Amino acid sequence: MRHLPYFCRGQVVRGFGRGSKQLGIPTANFPEQVVDNLPTDVSTGIYYGWASVGSGDVHKMVVSIGWNPYYKNTKKSMETHIMHTFKEDFYGEILNVAIVGYLRPEKNFDSLESLISAIQGDIEEAKKRLDLPEHLKLKEDNFFKVPKSKVMNGH
Ligand SMILES: Cc1cc2nc3c(=O)[nH]c(=O)nc-3n(C[C@H](O)[C@H](O)[C@H](O)COP(=O)(O)O)c2cc1C
Ligand SMILES: Nc1ncnc2c1ncn2[C@@H]1O[C@H](COP(=O)(O)OP(=O)(O)O)[C@@H](O)[C@H]1O
Ligand SMILES: [Mg+2]
C-alpha cells in the first residue's frame with residue numbers, strides 16, 4: 001500500500017440510503033470522480049483513518065472502497081463512516097479524509113446481521129489502532145488546516 005497515508009477531499013453525495021436505514025451506520029459517499037481518481041494501488045477493501053466535514057473537528061473514521069458485494073453494486077463507491085454524532089446530515093459539504101491503514105477485503109455475507117456486526121467490529125478495531133502514536137500524529141496534519149473550499153484529490 002505505497003500510497004498510505006492517502007489524503008482526499010470531495011463533496012458528499014447521495015448513495016442508496018442504505019447506510020442509516022438498513023444498517024444503522026451512515027456512510028458519507030464521495031462522487032464518482034473522486035472514486036475514479038484513487039491511485040490504482042489503493043485496492044478495494046475496508047480502511048481506517050481521520051475525517052473532517054468542512055473546517056470542522058477531525059474524527060476517527062472507517063471507509064469502505066468497492067462494490068459492496070452484499071448489495072452487488074455495479075458502480076465502485078467510497079463511503080466514510082465517521083465515529084461522531086452529528087446534529088444533522090451534511091450532504092453537499094466537503095468531506096476531508098486521510099486514509100492511514102487497511103483492515104480487510106470487502107466480503108459478502110449471508111445476512112444483514114452479519115454485515116452489521118462485521119462493520120461494528122471494524123469500527124472497534126479502527127478506534128484502537130488510531131490511538132497508536134504513528135496514527136495520532138496524522139490527526140494534526142496540515143491537510144486538515146488549509147481552507148476547505150476546493151474539491152481536490154491527492155496529496
Ligand atoms: C467499515 C465498513 C465496512 C463495510 N464492509 C462491507 C463488506 O464487507 N461488504 C459489503 O457488501 N459492504 C460493506 N460495507 C458497505 C455497506 O454495505 C454500505 O455502507 C451500505 O450499503 C450503505 O450504502 P449507501 O451509502 O449507498 O446507502 C461496509 C461499510 C463500512 C462503513
Ligand atoms: N457519523 C456519520 N458518518 C457519516 N455520515 C453521517 C454521519 N452522521 C450523519 N451522516 C449523514 O448521513 C449520510 C449518509 O447516510 P446513508 O444512509 O449512508 O445515505 P447515502 O446512501 O445517501 O450515503 C451522510 O451523507 C451524512 O450527510
Ligand atoms: Mg452512504
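Just so you know, all these numbers are worked out from the coordinates, no wet-lab data involved. All figures in this text were calculated on a predicted structure; none of them were measured in a lab. Reconstructed Cβ throughout: ideal geometry from the backbone, glycine too, with neighbour counts over all protein chains shown.
For the residue pairs Lys72/Lys145; Lys75/Lys145; Lys87/Lys145, the alpha carbons lie more than 26 Å apart in Lys72/Lys145; Lys75/Lys145. List residues of the range 42-61, by number, whose backbone nitrogen lies under 17 Å from a label position 7 Å along Cα→C-beta of Lys87. The answer is 53-58.
Using θ = phi - 60° in the Karplus curve 6.51 cos²θ - 1.76 cosθ + 1.60, the 3J(HN,Hα) couplings for the range 99-109 round to 8, 10, x, 10, 9, 6, x, 5, 9, 8, 9 Hz; x is entered for Gly and Pro.
For the range 90-134, list residues with backbone N below 15 Å from a point placed 7 Å from the Cα of Asn37 toward its Cβ? Inside the label zone: 94-99.
The residue list Thr85, Gly56, Phe109 was ranked by how far each Cα lies along the charge dipole of the chain toward its positive end, using unit charges on Cβ atoms, and Gly56 comes out on top. Note on the chain: helix-only mean residue ellipticity at 222 nm, from DSSP H runs of 4+ residues weighted -39500 (n - 2.57) and normalised by residue number, equals -5500 deg cm²/dmol.
In order along the range 78-88, phi translates into HN-Hα couplings of 9, 10, 10, 9, 9, 7, 7, 9, 8, 5, 8 Hz, rounded to whole numbers, per the Karplus curve 6.51 cos²θ - 1.76 cosθ + 1.60 with θ = phi - 60° and x for Gly and Pro.
Remark: the range 121-138, residue by residue, has Karplus-estimated 3J(HN,Hα) of x, 4, 4, 5, 5, 4, 4, 5, 5, 5, 7, 5, x, 4, 8, 4, 5, 6 Hz, where x stands for each Gly or Pro and the curve is 6.51 cos²θ - 1.76 cosθ + 1.60 at θ = phi - 60°.
Based on Cα contacts under 8 Å between residues 6+ apart, the chain shows a relative contact order of 33 percent. With the cut-off at under 17 Å, measuring from each backbone N in the range 69-85 to a point 7 Å along the Cα-to-Cβ line of Lys21 picks out 71-73.
Between the range 116-148 and the range 65-110, the alpha-carbon centres lie 14 Å apart.
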